[in-house]
Every structure is written in structure tokens, then in C-alpha cells.
Amino acid sequence: MVLESTVWDLWHWLAVFQRELLLFAGVFFLIGAADDIAIDCAWLWLKFTGKVKTPLVDRKALQGQELNGPVAVFIPAWQEAGVICDTIVHALKAWPQDAMRLYVGCYRNDPDTIAAAMRAARVASGWGEHRLRIVVLDHNGPTTKADCLNRLHQALRDDEWRSGQLFNTIVFHDAEDMVDPAGLGLLEAAISDGADFAQLPVEPLIPPHAGFFARHLGSHYCEEFAEAHGKAMVVRGALGAALPAAGVGCAISRRALQALAQRSRDGDPFNPTSLTEDYLLGLTIGEMGGECRFVRARGDDGRFVATRAYFPSNLRDVIRQKTRWVHGIALQGWDHVGWNGGAIESWMRARDRRGPFTALVLLIGYALLVLTAAMWSASTAGLLPEQTLTPTLRILLWANLVAFAWRTLWRFGFTAQSYGFFEGVRAVLRIPLTNVVAIIAGRRAVTAYIRTLLGRAAVWDKTPHSTHPTVANSNVRGAEQ
């Protein structure tokens, strides 16, 4: 009798616990779904009213067009010996304009990256090496990407002082990027037309010759950027909100760079303690009153003018990268730029910063699945009384089911548009994997943020890269032949 009473009490408290978790998770899942649906509806309205169009451009014409003024391309590099040579050579070929200068920042304790960058200069001898400047930092790395960019800014100012001519546009790229031949022309045209910040779409590439798990880890970035740069950024720009920079394929005007430098006490435009200086770049320029544009166009070959790269496909590297993003955007972003702006701007910043809370709600959701399955099995076996749901919980669950189906449809659609039907299907099947990564990264980001509050310095927790897209593509073509 005592044992039966104990089992009954345990079931009773488990049922109460399950119901409270279900109510909490269901409400907040629904709030997140309403947030996403609002963006979806705004995009649909913009699309059907013709307020957002994707123009067709001539890639070769843009590749060869004269620039309106000198353009600097900043590439910070720490331990990038595996890709930096190919990145430099490809950029110099893709952007042959003589007014373009490539600044590559390396650290004095990273001789392999310095040697690889110098090898690129030898490869480009006679046609491009005069447009390359290798800048070696006078202190050891890693620090942060922002610190490396500040050193490149100093080199830029030195060159301007010597030549007596100011650069018109500053473009930002990472050491593993494959630039688009039309990208420089589009970015420089936007800046010359009055924009202070311009961003091209980013298009992650599917990892070549990867195993099943690695392929899906590397490919889950595809659906994230397909929606973010195919829909969310479009809506932000149309609503007049500041645009967060992706850190690659983006450009700022020289006056915006100067304004950023004047805001700091030491004259450096980038906060060296920030882990996501790229995200803050667009928001800060928008906050200062600068015009921000998302430049979305298709080439005459039907492909978007975009920056392409391989993203990490190793679980450890994926978690590290996502942790840095959540830490820098959701937590440091709150510290560095706060909640300035009107209602639309606050809404967009809240969307950017929901990562840690989303991770918590997802964790509760998966815990609920396990708990509910265990209790249902016990109830079916006759060990526990039958479970019942209140009408309120039934409505909540149905609403979440409909919202999940809606979200799944959008994920499939945007991924299929950029990567094909079957990749769209895979994107749907990858949803649990994406959620698990978000949960782990959210927890690690909060832990890392607490460490910085206790005095630990932020460091460049970079993602390793070993293969540049141009090399992988040539290997694939060679295998096919």
C-alpha cells in the first residue's frame, strides 16, 4: 500500500512537472514562431508589391569596370596557411582593377601564414603583386580579428599619407573566402552612390568528399544563410533597420571608417575586445545615421552575386564557431550597442539576441519529448494512470504544430531555391541536428561570457580552414575528367 502510494505521488509530481514545462515551452515556442511569421509576412508583402527586386547583372562587365576611386580590401589572417595563398591569388584574378589594393594582416608568430601570403605574391608576379600588401602585426597572436583589422587600418592611413590620396571604399573578407567577380563592382557602386555600408549575400558551399555526418554539419549553414540573406536581411533593409555585417562580402565608405575611428579614444575603428566586430559594424554605422544597403543581385548565369566559402564540418569546430557567434552577437552585442533606436530596431536586435534563450527552450522541448515518451510508455503498460491534456494545452500544442509545419515549409523553400530540391529536403531532415548544435553553443556562449565578466580576455577562437573552394572545384573537375 505504501509502495503504491509512493508511485502515485511520484507520477502526480511528474505529471505536474511535465504540464508546467509543456506550458512554458509551448508559450515561448509560439512567441518565437510569431516573431518568424511576422518576418515571413513582411517578406511576402514586399515580394508581392514589387518593393523588393533582384536585378540581373553582367558579371564580366562588372568585373572589368573602372572603379570610382581607390578600394582597399582587408583580410585578417591567423593560422591560415592552408588557404590564404589561394584566396589572395583568386581575389587578384577576380578583381583585376588597378585601383584595388589587398591588405592581408598576419602575426609575427605565424610564419607559415606569412610564407603562404608571400607565395601568393610570387604567383601573382607581373600582374597582381603590386596590388598586394602584407601587413605583419608587431605582437603575437591570436588577439581578436578586430585587433588585426585595426592594424590594417593603420597601414591604410600610412599609405594614404604617403600617396596623398584617400581610399573611397573599404571591403572586408575572411581568409577562406572565394570572392565573386562581380562583387567588388556592386559594393563599390553602392558606396559611390551614397551608402555608408553595403552587404552582399553569403552562400555557404556544401563540403566536398565529406562523410555523412560531416556533410550535414557543414551543410546546415546553407539553410541558415539562405533564409537569413534571402529573407531576413531583405526585410530589415526595407523596414529601415540597421543591417548587421556578415564580416565578409561587405564594404563601408571612407567617411564611415573615419567616423568609427573618431568614436574611440585610441583612434582605432574596431573594438579589440569584440568577438563579432563584423556584426557590430553595420549596426554602429546605422546608429550613427549612415545609410545601410543589402545588395542582392543575380548574375547573367542565374547565380547570386555572393561570397562563397566552406564552413566547418567538424562538430568541435562547428560548436566553437556557433559559440563565438552567440557570445558576440547575443551577449556582447547587448553590452556594446544596447537597445538604441526605435521599435523596429529594438525588434531586430531582440531577434539577434534570442540565441541563449532559444537554446534553453529547445533543451526543455527535447527533455519534454523524453519525459512524455517515458510516461506514455508507462501508462500504456498499465504502470501509471492514463494522461490527459487540458483544452488549453491541446490548443497550444496544435498551434505549435502548425507553426512548425509553416517554418519547415519556409526552410525547404529557401534552401531548395539556392541549392536544389533534394538539399531542401535534407535541410528539413537536419532540423534536429541544427537544434542540438544551437543548444550546445548557447550553453557554451553563456559560460564564455561569464568568464569575460570575471576578467578573462577575449581571444580569436577561430575556425581552422584547409581547403579553398577554387582548389576543391579544380580537384572535382580533375576527377570527373
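Derivation of every value follows stated rules applied to the coordinates shown; laboratory data play no part. Computed from a predicted model, the values in this text were never measured in an experiment. Backbone-built Cβ (ideal geometry, glycine too); neighbour counts: all protein chains shown.
Which listed residue (L46, A15, Y221) has the Cα farthest towards the positive end of the charge dipole for the chain, taking +1 on Lys and Arg C-beta and -1 on Asp and Glu C-beta about the Cα centre?
Of the options given, the answer is A15.
Could you calculate the FRET efficiency of C41 with F212 from 1/(1 + (r/R0)^6), where r is the beta carbon distance between them and R0 is 51 Å, rounded to 0.05? Display every interim value, and only then the final one.
Numbers: r = 37 Å, r/R0 = 0.72.
The calculated FRET efficiency here is 0.90.
How large is ³J(HN,Hα), in whole Hz, for each residue of the stretch 130-136 in order, when computed from phi with the Karplus curve 6.51 cos²θ - 1.76 cosθ + 1.60 and θ = phi - 60°, using x for Gly and Pro?
Result, rounded to whole Hz: 6, 9, 10, 10, 8, 10, 9.
Kirkwood hydrodynamic radius, the stretch 1-134, all distinct C-alpha pairs: what's the number in Å?
Details: mean 1/r = 0.0477 Å⁻¹.
When all Cα pairs of the stretch 1-134 are included, the Kirkwood radius is 20.9 Å.
Can you tell me the length gained on complete extension of the stretch S163 to Q65, counting 0.36 nm per residue apart and subtracting the Cα distance?
33.0 nm
Do you know the relative contact order of the stretch 1-137, to the nearest whole percent, from alpha carbon pairs under 8 angstrom that are 6+ apart? Can you show the working numbers first?
Details: 121 pairs, mean separation 28.3, N = 137.
Once normalised by length, the contact order is 21 percent.
Can you list the HN-Hα couplings for the stretch 295-311, worked out from phi with the Karplus curve (6.51, -1.76, 1.60; θ = phi - 60°), rounded to whole Hz and with x for Gly and Pro?
Karplus values, whole Hz, x for Gly and Pro: 9, 10, 8, 10, x, 5, 8, x, 8, 5, 7, 8, 8, 10, 6, 8, 8.
Can you give the relative contact order of the chain as a percent, counting alpha carbon pairs under 8 Å and 6+ residues apart? Walk me through the intermediate numbers first.
On the way: 770 pairs, mean separation 98.2, N = 481.
Rounded, it is 20 percent for the chain.
Using only Cα atoms, find the angle between the long axis of helix 315-326 and the longest principal axis of the chain, and express it within 0 to 90 degrees, rounded to the nearest 10.
Result, in degrees: 80.
For the cross-link pairs K231/K322; K93/K145; K145/K322; K231/K462, which exceed 19 Å when the distance is taken from alpha carbon to alpha carbon? Can you show the working numbers first?
Values: K231/K322 21 Å; K93/K145 25 Å; K145/K322 16 Å; K231/K462 28 Å.
Pairs exceeding the cut-off: K231/K322; K93/K145; K231/K462.
Given Cβ point charges of +1 (Lys, Arg) and -1 (Asp, Glu) and nothing else, what value in debye, to the nearest 20, does the dipole of the chain about its Cα centre take?
Details: 48 positive and 46 negative charges, 31 e Å.
Value, rounded to 20: 140 debye.
Quick one: which residues, 5 or more positions from V135 or on another chain, have an amide H under 5 Å from its amide H? H modelled 1.01 Å from N in the peptide plane, none for Pro or chain starts.
V104, G105, C106
So what are the ³J(HN,Hα) numbers for the stretch 350-365, from phi and the Karplus equation (6.51, -1.76, 1.60; θ = phi - 60°), rounded to whole Hz, Gly and Pro as x?
The phi angles translate into 5, 4, 5, 9, 8, x, x, 5, 4, 4, 5, 5, 4, 4, 5, x Hz.
Can you check what the net charge comes to around N168, using other residues whose Cβ is under 13 Å from the Cβ of N168 (Lys, Arg +1; Asp, Glu -1)? Walk me through the numbers before you get to the answer.
Working: positive: R101, R254, R255; negative: E66, E160, E188, D193, D196.
Spelling it out: positives minus negatives among the neighbours equals -2.
Please work out the C-alpha center-to-center distance from the stretch 117-134 to the stretch 136-167 and express it in whole Å.
18 Å
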